[in-house]
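Student: Okay, here's the structure, questions in a sec.
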Amino acid sequence: MKKIIIGNFKMNTTPSEFKSYAMALATKTKGTKNDVIVCPPYTHLGTAKQILAGSHIYYGAQNISEEESGAFTGEISASMIKDLGAEYVIVGHSERRGKFKENDKVVNKKIKTALANGLKVILCVGENLQTRTNKQAAMFVKKQLDDDLKGIYENELESVIIAYEPIWAIGTGKNVTVTEIHKMTDLIRKEIEYLYSEKAGRGINIVYGGSVGLTNYKKLLSNDFLNGVMIGNICLEIDNFTLICRENY
């Protein structure tokens, strides 16, 4: 079964380093049945267009401004990203929510801006450790979905991937059990069904991110309830990332 493999580079590598990486990735993943998406820093998107456009690898940005244009020094608009050939953008990543104080209202506006400009959205949701410890994870993620998708039409969900990333597991090496992930993906599908329809709940693409690595990717990708994985640090290791990308199910 085809899976979605997303690599989030975060603020790592230089444009010149990414050029050689992209060339190697395109070569080493040739023939994969999976959808491979890489999201490098903004500065690398021109290089991505040069090397990956027309290939089997999709690429996207890690964030966008909620504004279309104007006096917003340092911001990058959806139309700028689209013009560079990118197809995807990550919205609502926990680092944006936490470190840069982006609330659900901002995330919702970014999703609408991205979709209006023809970009596909990778929407990140997930709870922190205190929320999970207090047994409020389900309520928290439901509210994120409700607020983030407010005003988004059902047909637009075809351009949305939901990435469940429990904040307490990102970059910590902590293994979330398959059972825990299954429960949360079921909850997400049921909430989408509640907000839209049974068909929408079944059809939404859900990927998991949270210390995905060589020790657990096979177990994660072998489950039908997940459509793929979102990978952080290990995507910087070209041999290990391509190993995951080439895994066919």
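We did not get these values from a lab; they are worked out from the coordinates using the rules stated. All values reported here derive from a predicted model rather than from experimental measurement. Ideal geometry is used to build each Cβ from the backbone, glycine not excepted, and the neighbour counts take in all protein chains shown.
Student: So if I take the centroid of the Cα atoms in the range 103-143 and the same for the range 207-234, what is the distance between those two points in Å?
Tutor: 19 Å
Student: Given H placed 1.01 Å from N in the peptide plane, which residues other than close sequence neighbours of residue 223 have an amide H under 5 Å from its amide H?
Tutor: Correct list: empty.
Student: Here's another thing I want to ask about it. Could you calculate the FRET efficiency of residue 87 with residue 202 from 1/(1 + (r/R0)^6), where r is the beta carbon distance between them and R0 is 22 Å, rounded to 0.05?
Tutor: Rounded to the nearest 0.05, the efficiency is 0.40.
Student: Are any of the pairs 99/142; 82/183; 19/99; 2/101 more than 32 Å apart by Cα-Cα distance, and if so, which?
Tutor: Correct reply: 82/183; 2/101.
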